[in-house]
Amino acid sequence: MNGKSITIIVGGGIAAYKSLELIRLFKKAGASVRAVLTRAGAEFVTPLSLSALTGEPVYQDLFDLDDEAQMGHIQLSRTADLIIVAPATADLMAKMAHGLAGDLATTLLLATDTPVLIAPAMNVRMWDHAATRRNLATLKADGIMMVGPDEGDMACGEFGYGRMAEPEAIFATAKAALGAPGPLSGKHVLITSGPTHEPIDPVRYIANRSSGRQGAAIAEALAKRGAQVSYITGPVNIPAPQGVEVIAVETARQMFDAVSAALPADIAIFSAAVADWRVDGAGATKIKKQKGALPIFTFAENPDILASISALPGATRPGLVIGFAAETDHVLDHARAKKKRKNCDWLLANDVSGDVMGGADNQVTLIRDKGEESWPMMSKKDVAERLAETITKALKTS
Ligand code: CTP
């Protein structure tokens, strides 16, 4: 990141303290950083700590003659390679979506032609509110990139989506955004990967053999081509792909929520081996052995994530929805039926009767409305490269 110039706008949220660590990461990587602090942001971090970390003055006031003499706000908005808003509060997002420019931060955001990455942070109800969903859709349509928010405990005592992404994740997304523009620049891809774990009790769970290797390879291949990738993964033991936003989940329902939160997307790829069922009423305490009595579980059906996203109406549906079909027998017949049933645009069928699940190689058949292509057995990395190329070509001609 040597020689890159970043402007970080620090909004007014409890997560503002994490932006100090973010600045440190950029500085360590050789970037120069300028900080803009909103009035609300200054309630959470001090200008002094920001300027100590950036080694630059901190910009706070639209009408500060000193600042204007050193660097006017128009210039401040143009000289960066990337503008990051972290934390991006509900208020800042609303102002951005509506083109308001009542202070330095929003003026700079309206005056810029530099790529902008936001890291939202707010209470879960604010995040779920219809107004925020609308603003988010507007911002995405305007080409604003986003990282997070994550799910977790909040400062306000609630639990859910709204925690600002960790500084490492924001840094990784920024790095990908700063990379050489590729054929998929400006495209947002979401991809599910790995298994899901469905709890039986606090210590036991139902899982499957998916390693997540194929999904991770696809995520990386797309990020390499410039896409902004939200990689939603079940529990896996492989390194996270480079240059993507990692959203870790455990259960099918969490995966479904994470996919919904990551929308809108241009492309959605469902490579996860999602458990079809969960144990109904999995308890909060460990099930104890009882002499002579075997436990009996009843199951509840998990949401079908791929089918639900494929069924979204109009522009809320990603333009290209790709599913997988892992089959052990009558592979192509089952896969064709699955494509119809789930109403996805493309489907990659693979035979998992051997050691494909967990292995390094894969043999897939790509099923599209316009025909089928059987690809030879190759490494999962090569499958990912070929899929990324096929997607790139398809978008060019669409
Ligand atoms: N899938 C999903 N949500 C589920 C189940 C599956 O998103 N609850 C997605 C997978 O990620 C994959 C495709 O649907 O892209 C097919 O998954 P697969 O397990 O092969 O299909 P199932 O619907 O589970 O059908 P079956 O088990 O009968 O083969």
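See the values below:
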read-out: Those residues of region 258-288 which are over 16 Å from Asp201 (Cβ atoms), in a loop (DSSP other than H, G, I, E, B) and more than 9 Å from the ligand (Cβ to nearest atom), in sequence order; value: Leu263, Pro264, Ala265, Asp266
read-out: Selection within region 177-230 - among the polar types (S, T, N, Q) and either closer than 30 Å to Thr298 by Cβ or surrounded by 24 or more Cβ atoms within 10 Å (Cβ to Cβ) (or both); value: Thr192, Ser193, Thr196, Asn208, Ser210, Ser211, Gln214, Gln228, Ser230
read-out: Residue in region 289-302 that is nearest to Pro202 (Cα to Cα), counting only those that are over 39 Å from the mean Cα position of the chain (by Cα) and part of a loop (DSSP other than H, G, I, E, B); value: Lys289
read-out: Residue selected from region 310-331 under the condition in contact with a strand residue (DSSP E or B) (Cβ under 8 Å, 6 or more places away or on another chain), more than 21 Å from Ser210 (Cβ to Cβ) and assigned to a loop (DSSP other than H, G, I, E, B), by the criterion farthest from the ligand (Cβ to nearest atom); value: Gly319
read-out: Filter result for Thr233 (closer than 22 Å to Ala307 by Cα, crowded, with 21+ Cβ neighbours inside 10 Å and within 16 Å of the chain's Cα centre (by Cα)); value: yes
read-out: Filtered residues of region 362-387 (kept if part of a strand (DSSP E or B), touching a strand residue (DSSP E or B) at 6+ places or on another chain (Cβ under 7 Å) and surrounded by fewer than 17 Cβ atoms within 10 Å (Cβ to Cβ)); value: Arg368, Glu372, Glu373, Ser374, Met378, Ser379
read-out: Verdict on Thr390 being in contact with a strand residue (DSSP E or B) (Cβ under 9 Å, 6 or more places away or on another chain), within 25 Å of Gly226 (Cα to Cα), assigned by TED's automatic domain parsing to the domain that holds Ser271 and β-branched (Val, Ile, Thr); value: yes
read-out: Enumeration of residues in region 199-247 that are in a loop (DSSP other than H, G, I, E, B), of a type in the set (Gly, Ala, Ser) and farther than 16 Å from Ser379 by Cα; value: Ala207, Gly226, Ala227, Gly234, Ala240, Gly243
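Results for (1) hydrophobic (A, V, I, L, M, F, W, C); (2) open to solvent by less than 10 Å² (accessible area, probe 1.4 Å); (3) assigned to a loop (DSSP other than H, G, I, E, B), shown as yes or no for each residue.
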residue	(1), (2), (3)
Met1	yes, no, yes
Lys18	no, no, no
Phe26	yes, yes, no
Ala42	yes, no, no
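The values are calculated or read from the model by the stated rules, or taken from the named source; none is laboratory data. A quick note: this is a predicted structure, and the numbers were derived from the prediction, not measured. Using ideal geometry, Cβ is built from the backbone for each residue, glycine included, and neighbour counts are taken over all protein chains shown. Note: accessible area is taken over every heavy atom of the protein model, side chains too, but ligands, DNA and RNA are not part of it. Shrake-Rupley method; radii C 1.70, N 1.55, O 1.52, S 1.80 Å.
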